[in-house]
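Participant: Before anything else, here's the structure in question.
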């Protein structure tokens, strides 16, 4: 149980375009999902907390107008990187907590590798 | 702000030995601390959670200790195998119940035959 999927797993786009990444909890409901970014040889950095039915909470230094988050249902959150630039190239990972069993453990998706040319 | 330190140097050990990884944190002690495993190009996988009132926790070949006085957690893998080779991350909830995790930079473990 507690499987989180992400789509796509890898995406290459041109500078200036927008990219949407989906995060789904497959066998549980997630009131809260989290979006992280990880650069090579670095740790995961929390970008934002996605709350079902309400606005996302962004970490300091993360542009909310650039990284649009939508959490329309208890099993789906999307991250849209708008007007992507090469410096946005990174590994984007989402996680979710099982609303039913407790919020302490986060289950992570497999990640999405974004390369902006 | 809370700072989490893990040994950035890779740890190379021989198969069958016990691997010990360290996680140190500053400032206040969290209500719990978690360890995750991350393989290259993959998302982290949850391994163990230990609460502040627990000194030690075990799961199969894994053992975690939590010393709130030293502000340190140790992660042990006994009878290590090449399949244990990965990066191991410790993570703390910095909000005290909000499940907002801060991760250490991770320690890369390589188990050699």
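Participant: Calculate the mean, over all residues of peptide A:104-117, of how many other protein chain Cβ atoms lie within 10 angstrom of the residue's Cβ.
Facilitator: 4
Participant: Also: Listed highest first by mean packing, meaning other Cβ atoms within 10 Å per residue, what order do B:13-22, B:40-49, A:87-96 come in?
Facilitator: A:87-96, B:40-49, B:13-22
Participant: Let me ask you something else. When the Cα centres of the stretch A:26-82 and the stretch B:38-113 are compared, how far apart do they sit, in Å?
Facilitator: Cα centres, the stretch A:26-82 to the stretch B:38-113: 23 Å.
Participant: Quick check: residue separation of residue A:42 and residue A:12 times 0.36 nm, minus the Cα distance between them. What number comes out in nm?
Facilitator: 8.7 nm
Participant: Could you tell me, in Å, what Rg and Dmax come out for the Cα atoms of chain A?
Facilitator: Here Rg and the maximum Cα pair distance are 13.4, 42 Å.
Participant: Modelled label-to-label distance, residue A:66 and residue A:85, 7 Å Cα→beta-carbon offset: nm?
Facilitator: Spacing of the two 7 Å Cα→Cβ label points: 0.6 nm.
Participant: Take each of the peptides B:99-106, B:73-80, average the number of other beta-carbon atoms within 10 Å over its residues, and list them starting from the highest.
Facilitator: Answer by packing, highest mean first, reads B:99-106, B:73-80.
Rule-based calculations on the coordinates, nothing more; no lab input. Note that this is a predicted model, so its numbers are computed, not measured. Counting neighbours? That spans all protein chains shown, and the Cβs are built from the backbone with ideal geometry, glycine included.
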